[in-house]
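> The structure follows.
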Amino acid sequence: MREKQTERLIFALLALSLILVLAGTGCGKSKAQIKAEAKAKAQAAEAQALRADPDDKLGQAYDHFSGNGTPIDYERAALLFRELAEGGNATAQFSLGAMFQNGYGVPQNYIEAVKWYQKSAMSNHPDGQYLLGLALKEGSGIPRDRIEAFKWLHLAAESAAESPTESNVKYVETRDELALLLPAEMVAEGKRRAEEHHQYHGNGN
């Protein structure tokens, strides 16, 4: 039950972050973006599950983010995510990046968001890999690099293919769409770098 709630809230954070990554610089929001953000927030707020035990800081962070059994408190959620992220928790690192990207509980900062996505991605968190890949593809908070973008999207897509969930169904599609836009040698280099990542950092399984 708790795992299902966490999955839904990760999906909500991912949805919120995609709005701004795909907006490039993220300056200004269209009505469609605002509507999508509101929908993602509603999905998080509607998540229902048993309350976390007192030592479950990640669960508490998601509860404060979603208002599950407690008032919504983005600052408290961000504080808990940061504490765990600094301790090396890859899910918290991805989540803290999403908080920075969306300006929830912390000042909006795309560069800081990418920093935490990178840490999460290096620990083989597929959502962190996906958002890092998109950031590199769009040049959001980091210089644009299509080969590195393909590398991280490829790694995320591999995880999605092995364990498909509601939040990662587009990973393979996004990777394949980028592959069609790149010269074959760039795709090959991206795959080579992804394989090199596996050699040095495992595959997260």
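Nothing in this text is a laboratory measurement; each read-out follows from the coordinates by a stated rule. Just so you know, these numbers come straight off a predicted model, no measurement behind them. Don't worry about glycine lacking a Cβ; one is built from the backbone with ideal geometry, like all the others, and counts go over all protein chains shown.
> Can you check how the C-alpha radius of gyration of the stretch 84-205 compares to 2.2 N^0.38 Å, as a plain ratio?
1.00
> So what's the stretch 89-144 giving for Rg/Rh, alpha carbon basis, Kirkwood Rh from the mean inverse pair distance?
Numbers: Rg = 9.9 Å, Rh = 10.5 Å.
Using Cα coordinates only, the ratio equals 0.94.
> Same structure, new question: If each residue's Cβ is checked for other Cβ atoms within 10 Å, how do TYR74, TYR171, TYR130, TYR110 rank with the fewest at the top?
Least crowded to most crowded, the residues run TYR74, TYR110, TYR171, TYR130.
> Just want the ordering: GLU173, GLU189, from fewest to most Cβ atoms lying within 10 Å of their own Cβ.
GLU173, GLU189
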